[in-house]
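Chemist: Dumping the structure here so I can ask a few things about it.
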């Protein structure tokens, strides 16, 4: 006699097999991320974008060793990134793939793969934090400033001045006329360099705790007398004079004391001064993030970096998925007025928050 449990068993087995295939796809995607990072680092994608080539021709274009290039090609061809014509022995990077793996616009996603490689460096420390608390401190993430600079540079070049700033009413006019501006948690300071060049009547100061990142900013801003950088904890920055505008770009959620950061920004602004915060586009409610295609990335990078660097300092551990609801609450508690949010054009991972210190 067949029981209900027996008849259900084949369905369960099929579901198990289906999930196993999904899981293997997850692992394969992780491995292919390293291949994309290598292709970006070595210039292989740019070389492939020049036209179909054999492995030897591609290696010659990029100045690389053919044997390594051939094995790499095997991975990216079977991974659906490039194509292979067995008759000619040539490999091709199709136009659609080239559009998202090469070029100088925000559509180039190749730099993103470096984050996967970087965040795998500290799994032992993360595991220990899972078991005993605390976290992995920022200095343990060797090369993080460079990866973040690489990730943010193209979108900032393309979008910051011409697309994002006009979304905040009156901001372009204020910067054009002349304003005192700061960027809290500025990283390599590329945003300040772009704004300094675009708005010569304003002065710009970037604050960050990472001296290696600020060194990059100082070098890039060498010819801009209106751009400077200072080493400072974002929660304790105290400008010499009140500010008209403050930016915080993907910086608040991983602070040890984000509430103090927001209060400090509020207090540093003149009455009526503007705060522009660009941060992750997520809800504070997990249920609302289910189905968001970007949510797994946001929660994962938070676990592996954003949250742990905060908890390493006995901090709040907000994490990258702190979400719009919590952000609005914290901005209100810091003393800010009405908050507007807009999706960041060209950067689906981000929201642009704009608010002011009441006048």
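Chemist: Check residue 301 against each of (1) within 18 Å of the chain's Cα centre (by Cα); (2) at pLDDT 95 or above; (3) farther than 24 Å from residue 132 by Cβ and name the one condition it does not meet.
Modeler: Result: residue 301 fails condition (3) only.
Chemist: Do we find that residue 236 is surrounded by fewer than 18 Cβ atoms within 10 Å (Cβ to Cβ), touching a strand residue (DSSP E or B) at 6+ places or on another chain (Cβ under 7 Å), modelled with pLDDT under 95 and not in a helix (DSSP H, G or I) in this structure?
Modeler: For residue 236, the condition - surrounded by fewer than 18 Cβ atoms within 10 Å (Cβ to Cβ), touching a strand residue (DSSP E or B) at 6+ places or on another chain (Cβ under 7 Å), modelled with pLDDT under 95 and not in a helix (DSSP H, G or I) - is not met.
Chemist: Is it the case that the range 55-75 has a residue that's touching a residue at least 60 places away in the same chain (Cβ under 8 Å), in contact with a helix residue (DSSP H, G or I) (Cβ under 6 Å, 6 or more places away or on another chain) and farther than 26 Å from residue 27 by Cβ?
Modeler: No - not one qualifying residue is present in the range 55-75.
Chemist: Name every residue in the range 76-94 that is free of Cβ contacts under 8 Å to residues at least 40 places away in the same chain, within 14 Å of residue 47 (Cα to Cα) and touching a helix residue (DSSP H, G or I) at 6+ places or on another chain (Cβ under 9 Å), in order of residue number.
Modeler: 82, 90
Chemist: Does residue 248 fit the bill of being at pLDDT below 95 and touching a strand residue (DSSP E or B) at 6+ places or on another chain (Cβ under 7 Å)? So that I can check it myself, show each step before the final result.
Modeler: Working: at pLDDT below 95: no; touching a strand residue (DSSP E or B) at 6+ places or on another chain (Cβ under 7 Å): yes.
No: the conditions fail for residue 248.
The values are calculated or read from the model by the stated rules, or taken from the named source; none is laboratory data. Quick caveat, the model's predicted, so the values are computed rather than measured. In this analysis, Cβ positions are derived from the backbone assuming ideal geometry, glycine residues included, and neighbour counts consider all displayed protein chains.
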